[in-house]
Amino acid sequence: MNEAMDALEARVHRQLNRMRDLGDQMAAIRVRETSPDGTVTAEVDGNGALCDLVFSDAISKLSPSEFEAVLVATAGRAAHLAIARRGDLVIAFNQEIAESMPDSERGH
């Protein structure tokens, strides 16, 4: 019985460490996206929250509605990529956890 408890404790510690790693990886996500015309660069974090905006001098040639469209599209693409990256991390984490579980706990 002691071996079984030791094995369970070791597995739980590995999973806990992997969860911490996942949290660190998700917190480290940063995506920079630049508009096709190069006027806007947006950086977002793993939650899709805007962290930075950079405008080129060409921004002065855009109308307010053009500026809005470029800004929203560029930030939206960056957020989409960041959320996708986050999703990939979660999928990989879930697969690792599932593979590390004994067959008796997988419902097999």
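Listed values, structure above:
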| quantity | calculated |
| --- | --- |
| Verdict on residue 98 being open to solvent by less than 60 Å² (accessible area, probe 1.4 Å), without any contact (Cβ under 8 Å) to a residue 12 or more places away in the chain and out of contact with any helix residue (DSSP H, G or I) (no Cβ under 9 Å at 6 or more places or on another chain) | no |
| Positions within segment 16-58 being without any contact (Cβ under 8 Å) to a residue 40 or more places away in the chain, open to solvent by 40 Å² or more (accessible area, probe 1.4 Å) and of a type in the set (A, V, I, L, M), in sequence order | 16, 27, 28, 49, 50, 53, 54 |
| Filter pass, residue 93 being open to solvent by 40 Å² or more (accessible area, probe 1.4 Å) and aromatic (Phe, Trp, Tyr) | no |
| Which numbered condition residue 73 misses (of (1) part of a helix (DSSP H, G or I); (2) touching a Leu at 6+ places or on another chain (Cβ under 9 Å)) | (2) |
| Residue list for segment 60-84, filter: among the β-branched types (Val, Ile, Thr) and open to solvent by 40 Å² or more (accessible area, probe 1.4 Å) | 72, 83 |
| Residues that are assigned to a helix (DSSP H, G or I), modelled with pLDDT of 90 or more and of a type in the set (Gly, Ala, Ser), drawn from segment 2-49 | 23, 27 |
| Single residue of segment 1-15 satisfying the filter (open to solvent by less than 70 Å² (accessible area, probe 1.4 Å) and not charged (D, E, K, R)) that is farthest from residue 85 (Cα to Cα) | 4 |
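The values are calculated or read from the model by the stated rules, or taken from the named source; none is laboratory data. Please read all numbers here as calculations on a predicted model, not as lab measurements. Every residue, glycine among them, receives a Cβ derived from its backbone with ideal geometry; neighbour counts consider all protein chains shown. For accessibility, only protein heavy atoms count, side chains too; no ligands or nucleic acids. Shrake-Rupley method; radii C 1.70, N 1.55, O 1.52, S 1.80 Å.
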